[in-house]
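Okay, structure first, notes after.
The values are calculated or read from the model by the stated rules, or taken from the named source; none is laboratory data. Model, not experiment: these values are computed from the prediction. We place every Cβ from the backbone using ideal geometry, glycine too, and count neighbours over all the protein chains shown.
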Amino acid sequence: MKVKSIVLASRPGIDKEPGPENFRLEEADLQEELSDGQVLAKTLYLSVDPYLRYCMNEESAGSYLQIWKISEVVFSNGIGVVEQSKSNQLKVGDIVSDFNWPWQTKCILDGSSLKKLDPSLVDGHVSHYLGLLGSTGLTALIGIREQGHVTPGANQTMVVSGAAGGVGSLAGQIGHLLGCSHVIGICGTKEKCTFLTSELGFDEALNYKMPGLTYKLKACCPNGVDIYFDNVGGEISDTVISQMKKNSHLVLCGQISQYNKSPPFTLDPQTETTLKERNIARELFLLLNYSDQFESATLQLSEWVRAGKLKAKETIVHGLENTAGAFLSMMKGGNIGKQIVQVAEQ
């Protein structure tokens, strides 16, 4: 059986931006005989996320990440449909997902590593399991719930950076749903700002590429910032942290502005001083530490969507051959909402 796949052709280096030359599209033969417990699955959707930049390095910045190997098929969170099965738990036609799904048109997988999905929870829109009901939505909800310390009725102000991305676009909405009275999003284009306020209910949206971010943020948050959901790090975060209140909370979700630099990421000295003097809680949020909450959080997200209280935006690119391009575009802010690649029709 002939399949197409994308392999890692080269590493960009820790301090360089990744490019198309780091990936290669190949055609290969896939064995057709399954062993006990295995399934043959057709790939439907692949997720591309900022953390994958770490998978391109020779060493991971976190022990929870697997490194991509040169000349081997790369992987990310994905969804597929079972076409053949020798698994007692899965049958032909089941929709399944895996956190390490190969970037390949069809693949043989260990059935025990796959999660069977219920399309009815997302009204058949199974790609939402990569975003809204996947790690993206879970990160937004559990991150705010565990580290944001939202108090309904306390008139809290929340700021979200990377607010038009997959996690950020959900985090702002969830902030409102959990009880924040004022939510401000920071993003990189006028189009994204309009989307946040007109479609997702953000109270304000600021374009960090325009001059005067510090002063505009002060105007939006005259009493300071209670909660900061940080997806970007760097200068934007320095600006937000400088306006955070004493004993406020920072959800450290991501640092996309720093991912092409050598870890560990050092804080600006003034920012570090501000964090200490104001007793601002800042701890890296790792979703895998809260696996016991996944089921209840997924049900909550699903309920909000069905009630029309939570909207999920997707930027979908079609074709396996465009997966690397979608990843590179996402790393530069080319997406609105969750970036997804549709490899095949169900």
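Observations, loosely collected:
- Scan of region 200-228 for residues that are in contact with a Cys (Cβ under 6 Å, 6 or more places away or on another chain) and either modelled with pLDDT under 95 or surrounded by 24 or more Cβ atoms within 10 Å (Cβ to Cβ) (or both), ordered by number: Ala205
- Selection of first residues in region 286-304 that are assigned to a helix (DSSP H, G or I) and of second residues that are among the β-branched types (Val, Ile, Thr), restricted to Cβ pairs under 6 Å at least 6 apart or on distinct chains, gives the following pairs, ordered by first then second residue: Leu287/Thr139; Tyr290/Ile142; Gln293/Ile142; Ala297/Ile142.
- Boolean, Gly13 is exposed (fewer than 15 other Cβ atoms within 10 Å of the Cβ), at pLDDT 95 or above and outside the structural domain of Cys253 (by TED's automatic domain parsing): no
- Among the residues of region 224-258, those that are over 16 Å from the mean Cα position of the chain (by Cα) and not in a strand (DSSP E or B) comprise Gly224, Gly234, Glu235, Ile236, Ser237, Asp238, Thr239, Val240, Ile241, Ser242, Gln243.
- Failed condition for Ser112, given (1) out of contact with any strand residue (DSSP E or B) (no Cβ under 6 Å at 6 or more places or on another chain); (2) within 26 Å of Ala307 (Cα to Cα); (3) hydroxyl-bearing (Ser, Thr, Tyr): (2)
- Within the set Asp49, Asp36, the sole residue that is in the same structural domain as Ile336 (by TED's automatic domain parsing), of a type in the set (Asp, Glu) and under 26 Å from Thr136 (Cα atoms) turns out to be Asp49.
- For region 252-269, the criterion of being within 20 Å of Asp15 (Cα to Cα) and β-branched (Val, Ile, Thr) is met by at least one residue.
- Residue count, region 1-43 (criterion: among the hydrophobic types (A, V, I, L, M, F, W, C), touching an Asp or Glu at 6+ places or on another chain (Cβ under 8 Å) and closer than 30 Å to Ile256 by Cα): 5
- Of the set (1) at pLDDT below 95; (2) surrounded by 19 or more Cβ atoms within 10 Å (Cβ to Cβ), all apply to Leu250 but (1).
- Here is the figure for region 40-92: residues that are part of a loop (DSSP other than H, G, I, E, B), under 23 Å from Lys4 (Cβ atoms) and not β-branched (Val, Ile, Thr) total 7.
- Residue selected from region 137-183 under the condition farther than 26 Å from Leu213 by Cβ and among the β-branched types (Val, Ile, Thr), by the criterion surrounded by the most Cβ atoms within 10 Å (Cβ to Cβ): Ile142
- Looking only at region 148-204, residues that are outside any loop (DSSP other than H, G, I, E, B), small (Gly, Ala, Ser), farther than 19 Å from Gly134 by Cα and in contact (Cβ under 8 Å) with a residue 40 or more places away in the chain come to 2 in all.
- Residue under evaluation Trp103, criteria (1) of a type in the set (Phe, Trp, Tyr); (2) surrounded by fewer than 21 Cβ atoms within 10 Å (Cβ to Cβ); (3) more than 15 Å from the chain's Cα centre (by Cα), criterion not met: (2)
- Test for Asn335: is it outside the structural domain of Asp238 (by TED's automatic domain parsing), closer than 22 Å to Trp101 by Cβ and assigned to a loop (DSSP other than H, G, I, E, B): yes
- Count - residues of region 205-222 that are closer than 21 Å to Asn335 by Cα and either assigned to a strand (DSSP E or B) or in contact (Cβ under 8 Å) with a residue 12 or more places away in the chain (or both): 5
- Selection count where residues are free of Cβ contacts under 8 Å to residues at least 40 places away in the same chain and farther than 14 Å from Ile6 by Cα, scope region 25-39: 2
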